[in-house]
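Trainee: Have a look at this one before I ask anything.
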There are 2 protein chains.
Amino acid sequence: MQSVSWILHQTSHTGNVGSAARAIKTMGFDQLILVDPKNPEAIQTPDAIALASGADDVLAKAQVMTTLDKATKSSRLVFGLSARDREFGPPSISIKEACAIAKDQSCAFLFGTERTGLRNEDYHYCTHRVWIDANPIYSSLNLAQAVMVCAYEMRQSLQESAQLKLPQVAPRANIEAINALMEHLREGLIAIEFLDPSHPKKLMERLRSLFDRAGLYPEEVDLLRGVAKQMILKNDKGFKL
Amino acid sequence: MQSVSWILHQTSHTGNVGSAARAIKTMGFDQLILVDPKNPEAIQTPDAIALASGADDVLAKAQVMTTLDKATKSSRLVFGLSARDREFGPPSISIKEACAIAKDQSCAFLFGTERTGLRNEDYHYCTHRVWIDANPIYSSLNLAQAVMVCAYEMRQSLQESAQLKLPQVAPRANIEAINALMEHLREGLIAIEFLDPSHPKKLMERLRSLFDRAGLYPEEVDLLRGVAKQMILKNDKGFKL
């Protein structure tokens, strides 16, 4: 994967640092940077390690830096996350748009403090202000939740551009097998006197429509023909064919 | 917004309950259901309240229920979140696909325990198994992170559909009706001696998987129950129940 870094600015709660490490690793990223954390030992606290869970490697190799300037300078695109709109500052785009333009450029996602988010002066280091579409009445994502959504969107965007191979689908039964099944079922339903051939009421058409929607596998055709066979075997005195 | 519920099954950590409440509220949802939580007072713990933050109202009105049956029965679509693939059980789709088909139907997102996720038997209450695209090397999202991603995707999907009108899809049968149908069919297949209850050979699971793939309409459930009824009526000397 290309260079994508995840920058947390002046984080207070070490648990959030661990949760952020886990969030980015689950989406295939591994560059975590803490800028001026409240607790300089953040990445070694038991809380952070517990919440990182299997992303302890990402946490252990996280970089701790003193200024936003240093943390952002190698990225072509720097996305400052914010719910609030600002009159001045870099252009404002959605997280989807940000991930779309970041596909083939080194980029960084920058998150402010838990209590106040990014300050006006922090946008000096951002190429874009990025918002996450949220409930207008309550749009306050927790820091680690915001990291999760951004990491998820960034992965989706990169996957789309890699044009992922679609999962192989097992072949479905062919039309000849389906038609033979329908005839067999028709005989079975007549045998148990569910279907009256003189008043068929579109029963077979309705079943066919259900099966067509599902797309039957050959094993399922066999299973259903087994049912039909047994209906006939156990009931040979049904409606006259 | 339409009916979307968020069901947490046997959650251990009350903090996760609070974080889940916050996640769903930020995305505009408010129906949180706890099924058989480890701590029955979960929604009143200081930990949960602290992590819910401004979503304390969602937490306070969360319902606590005893069984998955009760929690899921009014939903037409029930999405069981899981990273693992299973041979049997409902069809497996991505979270994006799930949110796309859920646009105009009542639906529920079901999350298993922190340690083990959903168990095989829990999928009995699901119409679909749903996976979140993640790092194949480490795909373990924390419970509240998984809720966050699903809520985010569901919101995106609803926002899109609010913008472009989609063709109306007739409502599907709910999970309670499907489970009742399966039991009725089981009795019918035993009556015609197709299903031997001492050697069931996963027959019912295979049929269920076919029906889940099709997504049965209420009229189709009625039709199939008619077949089951007739199999029983015409064959009362089948394998012993």
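Trainee: If Lys and Arg each add +1 and Asp and Glu each add -1, what is the summed charge of the other residues whose beta carbon sits under 11 Å from the beta carbon of A:ILE24?
Mentor: Charge balance near A:ILE24 sits at +2.
Trainee: Another one. Which distances, in nm and shortest first, link the A:PRO40 label point to the same label point in every other copy, taking 7 Å along Cα→Cβ?
Mentor: The answer, with the shortest distance listed first, is 5.1 nm.
Trainee: Give a residue-ordered list of calculated ³J(HN,Hα) values for segment A:138-149 (Karplus: 6.51 cos²θ - 1.76 cosθ + 1.60, θ = phi - 60°; whole Hz; x for Gly, Pro).
Mentor: 8, 10, 8, 6, 5, 3, 5, 5, 5, 4, 4, 5
Trainee: Between exposed trypsin sites (Lys or Arg not before Pro) in chain B, where DSSP calls loop and at most 15 other Cβ atoms lie within 10 Å, what's the longest gap?
Mentor: Formally, the longest exposed-site-free interval is B:120-164.
Trainee: Using a 10 Å cut-off around each Cβ of peptide B:192-200, what is the average number of partner chain Cβ atoms that fall inside?
Mentor: Neighbouring Cβ atoms belonging to other protein chains average 3 per residue here.
Trainee: Measure nothing but the geometry: give the 0 to 90° angle between the long axis through the Cα atoms of B:175-191 and the longest principal axis through the Cα atoms of chain B, rounded to 10°.
Mentor: 20 degrees
Trainee: Here's something else I'd like to know. Taking the protein assembly as shown as the region of interest, what is the percent of Cα-Cα pairs per 10 angstrom bin, listed from the shortest bin to the one with the maximum distance?
Mentor: 4, 18, 25, 21, 14, 10, 5, 2, 0
Trainee: Okay, moving on. If you wrap a convex hull around the C-alpha atoms of chain A and split its volume per residue, what is the figure in Å³?
Mentor: Cα convex hull per residue, to the nearest whole number: 200 Å³.
Trainee: If each label sits 7 angstrom from Cα along the C-beta direction, how far apart, in nm, is A:SER94 from its counterparts in the other copies?
Mentor: Counterpart label points of A:SER94 in the remaining copies fall at 1.7 nm.
Trainee: So what J values fall out for segment B:210-217 if you push phi through Karplus, 6.51 cos²θ - 1.76 cosθ + 1.60 with θ = phi - 60°, rounded to Hz, Gly and Pro as x?
Mentor: Running phi through 6.51 cos²θ - 1.76 cosθ + 1.60 with θ = phi - 60° gives 4, 5, 4, 5, 6, x, 6, 7 Hz.
Trainee: Right, here's the next one. Please give the contour-minus-distance gain from A:GLU176 to A:SER12: 0.36 nm per residue of separation, less the Cα-Cα distance, rounded to one decimal in nm.
Mentor: Full-extension gain reported as 52.4 nm.
Trainee: Please compute the average number of Cβ atoms from other chains found within 10 Å of each residue's Cβ in peptide B:19-26.
Mentor: Taking the mean over all residues of the peptide, I get 4.
Trainee: Taking the Cβ of B:ILE192 as the center, what net charge do the other residues with Cβ under 9 Å away carry, scoring Lys and Arg +1 and Asp and Glu -1?
Mentor: Once all neighbours under 9 Å are counted, the net charge is +1.
Trainee: Once amide H atoms are built 1.01 Å from N in the peptide plane, which residues 5 or more positions from A:MET65, or in another chain, come under 5 Å H to H?
Mentor: Under 5 Å from the amide H of A:MET65: A:LEU34, A:VAL35, A:ASP36.
Trainee: If contacts are Cα pairs under 8 angstrom and at least 6 residues apart, what is the relative contact order of chain A in percent?
Mentor: 19 percent
Trainee: Which whole-Hz couplings ³J(HN,Hα) result when phi for each residue of segment A:70-79 is put into the Karplus expression 6.51 cos²θ - 1.76 cosθ + 1.60, θ = phi - 60°, listed in order with x for Gly and Pro?
Mentor: Values per residue, Gly and Pro as x: 5, 5, 9, 5, 8, 9, 6, 10, 10, 9 Hz.
Trainee: Let me ask you something else. Quick check: net charge around A:HIS13, other residues with Cβ under 15 Å of its Cβ, Lys/Arg +1 and Asp/Glu -1?
Mentor: In short, -1.
Trainee: Rounded, prolate or oblate, given the Cα gyration tensor of segment B:175-234, with a/c below 1.5 counting as rounded?
Mentor: Oblate is the answer for segment B:175-234, as a/c is 1.5 or above yet b/c matches or exceeds a/b.
Trainee: What nm distances, shortest first, do you get from the label point of B:GLU121 to those in the other copies when the point sits 7 angstrom along Cα to Cβ?
Mentor: 6.1
Trainee: A further question follows. Within chain B, what's the longest stretch lacking GluC sites (Glu not before Pro) that sit in DSSP loops with no more than 11 other Cβ atoms inside 10 Å?
Mentor: B:88-241
Only the coordinates and a few stated rules stand behind these numbers; no lab work does. Just so it is clear, the structure is predicted and the values come from calculations on it, not from any experiment. Using ideal geometry, Cβ is built from the backbone for each residue, glycine included, and neighbour counts are taken over all protein chains shown.
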